[in-house]
1. Can you sort A:MET559, A:MET38 from fewest to most other Cβ atoms within 10 Å of each residue's own Cβ?
2. Report, in listed order, any pair from A:LYS56/A:LYS525; A:LYS541/B:LYS229; A:LYS16/A:LYS59; A:LYS56/A:LYS522; B:LYS243/B:LYS265; A:LYS11/A:LYS134 with a Cα-Cα distance greater than 22 Å.
3. Express the Stokes-Einstein translational diffusion coefficient of segment B:32-84 in µm² s⁻¹, to the nearest whole number, given a Kirkwood radius over alpha-carbon pairs, 20 °C and a viscosity of 1.002 mPa s.
4. Enumerate the amide H contacts of B:GLN141 below 5 Å, restricted to partners 5 or more residues apart or on another chain; note that Pro and chain-start residues carry no placed amide H.
5. Near the amide H of B:GLY71, under 5 Å away, which other amide H atoms are found, from residues 5 or more places off or on another chain, if H is placed in the peptide plane?
6. So what is log10(I(q)/I(0)) for segment A:480-577 at q = 0.12, 0.14 1/Å, when the Debye sum runs over its Cα atoms only?
7. Taking amide H atoms as placed 1.01 Å from N in the peptide plane, list the residues 5 or more away in sequence, or in a different chain, whose amide H sits under 5 Å from that of B:SER184.
8. In which sequence would A:VAL212, B:VAL233 go, from the one with the fewest C-beta neighbours within 10 Å to the one with the most?
Amino acid sequence: MADKQQQVVVKRARHKSSVKDPGTPGVLKLTKDRFTFMPNDPSSPVKHNVEFRTIKGHKFTKDGTKQALLNLTQDQGGNYIFEFENFPDRNVCKDFVASAIALSGEAGRTVPEKSAVPIQDEQLSAAEMERRIKLLQEDSDLQKLHKQFVIGGILSEAEFWATRKKLLEQNYSRRPKQRVALKNDMWSTKPLADGQIFAEKPAVRQAYLNFVPNKMTEKEFWTKYSRAEYLHSTKNVIAAAAEAAEDEELAVFLKQDDMLVNEARKKIRQVDPTLDMEADEGDDYMHLPIQDHGLPRNDNKDVLDSQYEPYRRSFSQHLNQHAAVVLQGRVIDVELGDTRSVAEALARTKHAELAKDASDVYLDKERLERISRMTEIEDLQAPRDPAVAPLSIKDPRDYFDSQQANAFSTLGDTVSGAKQLKCSVSTREAYCSLKECISEIKFQGLTEPTINSEVAFKVLNGLAQNISSNKYHLGRNPNESVLDSLPKITREELLLHWSSIQELLKHFWSSYPITTKYLLTKATKLKDAMSQIYPKLQEIKESVQSDLRHQVSLLVQPMLQALDAAFAHYDADVQNRSARSGERPNGF
Amino acid sequence: MSPPVPSKILTDDVSLLMVLIDSNPHFWSSIKPHFSFSKFLSHVLAFLNSILLLNQLNQVVVIATGINSCGYVFDSSSGSVSQRAESLLPKLEEFAENDESLSERDDDSGNGVGSSLLSGSLSMALCYIQRVFRSGPLHPQPRIICLHGSPDGPGQYVAIMNSIFSAQRSMVPIDSCVIGIQHSAFLQQASYITGGVYLKPQQLDGLFQYLATVFATDLHSRNFLQLPKPVGVDFRASCFCHKNTIDMGFICSVCLSIFCKHQKKCSTCGMLPNVCRSIFGQAQTRDPSASQQRK
């Protein structure tokens with residue numbers, strides 16, 4: 001009944017002003033953008049009609065506690081507490097509220113221009129919304145851009161995210177979060193509700209599912225289990241065998257765990273044989289006098305009858321299994337009530353794992369391929385290719401500073417660049433003189449001295465000055481840039497303007513050539529936004545101290561030039577358009 | 001090349017220096033009053049000899065960059081004994097003869113200085129270096145130095161960028177010493193991308209001092225030496241259709257080829273825009289144009 005696409009949820013609830021307050025009974029109706037509460041008693045003043053926009057968060061009591069409460073909190077500190085008749089009701093409302101808050105918090109308002117071009121409203125799934133929200137929360141720069149453009153109405157939600165698909169995908173596949181591990185209780189005899197025993201000993205779990213409550217009660221089950229543990233601790237294999245022969249249920253606990261064995265086999269197969277682990281003396285387990293983690297080895301190799309083999313347990317096995325389970329952590333996340341459901345949940349997860357592994361044929365094939373590649377015979381190998389540097393995609397911010405040098409060089413070099421070299425000699429003559437020069441050296445030898453000492457001195461001075469002045473201007477740290485020497489506010493503003501201009505220009509240029517009305521309006525909107533930023537840049541240039549002004553203007557200049565190019569293009573286009581539409585009275 | 005001797009112990013500072021000499025006759029005759037080719041050669045030969053003296057196992061290879069061809073003129077490791085740099089002179093003369101014979105009959109007098117085949121000599125240098133890499137685990141550390149003066153030929157943009165990227169990938173730095181009048185955008189980019197040194201000497205008659213101070217340092221020592229850094233790099237590209245340097249152009253979204261005008265079909269990858277996946281978007285590479293009045 002409570003499917004995800006539900007538009008309206010109506011539930012009976014009590015509105016409480018505080019947790020202790022008995023509350024006013026009434027009906028709570030939830031829609032996508034608001035919720036309303038109407039009390040049963042029409043004369044009661046407790047009526048609410050609140051938009052989800054104002055609701056910032058929601059809190060709720062745990063399932064199974066005395067009251068099923070849902071608390072909706074507002075930004076200013078106000079809150080609305082509702083008590084429901086039962087937990088399922090409350091949970092339905094809770095989920096609905098969560099998605100409603102997310103939706104309204106996003107506030108993806110598109111400019112209300114419904115033009116002829118069909119722009120579908122995006123059918124966003126809840127997962128997509130979540131991803132976007134997460135991205136926005138993590139990256140404050142992105143959030144600023146989003147606020148500036150999408151909420152400012154310049155770009156639509158779809159357009160903004162269209163260029164960031166890769167970010168969204170990356171965000172989706174994240175590392176698994178750290179999980180809470182199980183308690184490291186090897187020695188407790190109480191059967192733990194969190195299923196640690198079931199996790200460590202699948203046979204016991206299986207036995208529990210089978211025996212309880214059909215064959216025996218839970219108490220009896222655990223009594224038998226304790227007896228089995230006692231027998232194991234005495235290490236009296238023969239006694240264990242004897243008792244097992246008598247009591248078949250006990251036998252289940254005493255025998256070796258087949259399921260464990262299978263699991264271990266599977267795990268071993270998954271180990272990468274190509275892993276190159278160096279062995280050293282510490283890895284030599286065979287010849288140490290001390291075995292089994294510090295316990296003295298029983299040197300009498302008691303040759304038992306094969307019938308007793310299944311009842312033998314090794315301490316190291318137990319320890320390894322325990323460690324594996326602790327490291328794996330909680331397999332089941334939900335807090336479950338009783339032992340039976342824990343057992344069932346564990347059984348289910350194990351089945352799921354098995355099924356998944358069985359279907360991973362492709363993984364197997366890939367592993368085999370890798371193994372065959374790694375075990376090449378050295379002598380027959382082809383010579384290795386020389387080492388190569390990996391491809392590196394540079395941060396665009398690195399080029400931010402080189403832009404200023406560009407501006408610098410064009411300002412400076414246009415004069416010298418225009419001076420083209422003139423070669424007034426024919427090709428033949430040119431070659432002749434070249435060859436003459438070569439023969440001159442051949443016969444006369446190198447000039448002696450190669451270089452005049454004064455000239456050399458000048459050169460060295462010049463170089464030293466050059467290097468030290470670069471160091472002064474570009475900073476001691478090669479990563480330090482002009483930006484860092486600016487006051488913080490200026491720097492932040494500049495970077496903000498830079499990223500906004502990038503974003504705007506990206507969308508501006510992508511909307512050319514203009515073929516539809518939608519693109520025209522979009523281009524106009526973007527151009528207006530850009531013309532708003534333009535004077536801000538001029539202001540920054542003027543507001544900076546005089547010693548930094550030159551550098552700031554060098555930084556700002558490429559931005560201004562980019563904007564100018566965009567404006568020029570826009571104007572030219574508008575002129576063309578109006579010239580054309582002059583011919584065709586129908587216009588576009 | 002002599003076979004590698006496994007018993008050699010190569011220290012950190014053994015280098016293989018590939019020197020690319022600009023032998024464009026038009027350039028040299030245009031620069032004649034300031035700096036002659038013979039003076040240039042004497043500085044360079046002294047420099048090469050010093051490199052060979054720095055370490056017994058250093059190797060030097062010289063490639064001449066002409067306007068119609070490029071060729072090896074000196075290899076210090078050929079022959080049983082390491083040769084002095086002067087032995088490159090006869091070969092250089094031969095190369096100049098050969099280059100002349102390849103040029104066309106009609107004289108380009110007064111046409112300005114053409115560009116020399118930098119892309120060709122860069123490729124030759126990189127091929128030689130690859131051969132050295134594959135000769136075994138013990139080899140000197142290679143680097144390339146371009147002594148260049150001719151103007152950039154935008155027609156070689158693609159080839160030069162390809163060489164630069166392969167040098168970057170093989171971790172071979174390209175040093176540039178520009179002896180011409182104007183800066184070279186290609187060499188600026190080359191040194192920037194590959195981590196080499198770019199220098200335009202202020203005084204050409206002190207060229208040997210520049211070479212000995214800045215360009216003689218081996219790669220290991222560069223970690224703790226401060227070498228001159230250029231203030232900025234000119235990142236402009238040239239269009240693939242006319243080979244003009246452009247600031248604003250169109251880019252094919254499939255192969256990233258740059259064009260100055262909107263194309264119906266991309267000439268590099270053959271994709272049709274607006275039909276298949278490639279869309280021509282107008283991209284701004286850099287804009288130095290004077291500002292128009294803004295709205």
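What follows draws every value from the coordinates through simple rules; no lab data is involved. It should be emphasised that the depicted structure is a prediction, and the values quoted were computed from it without experimental measurement. No Cβ is skipped: glycine too gets one built from the backbone with ideal geometry, and neighbour counts run over all protein chains shown.
1. A:MET38, A:MET559
2. Checking Cα-Cα distances, A:LYS56/A:LYS525; A:LYS541/B:LYS229; A:LYS56/A:LYS522; A:LYS11/A:LYS134 exceed 22 Å.
3. Estimated diffusion coefficient is 170 µm²/s.
4. So B:GLN141 has HN proximity to B:VAL14, B:SER15, B:LEU16.
5. B:ALA64, B:GLY66
6. -0.44, -0.56
7. Amide H neighbours of B:SER184: none.
8. On the way: A:VAL212 18, B:VAL233 21.
With the fewest neighbours first, A:VAL212, B:VAL233 line up as A:VAL212, B:VAL233.
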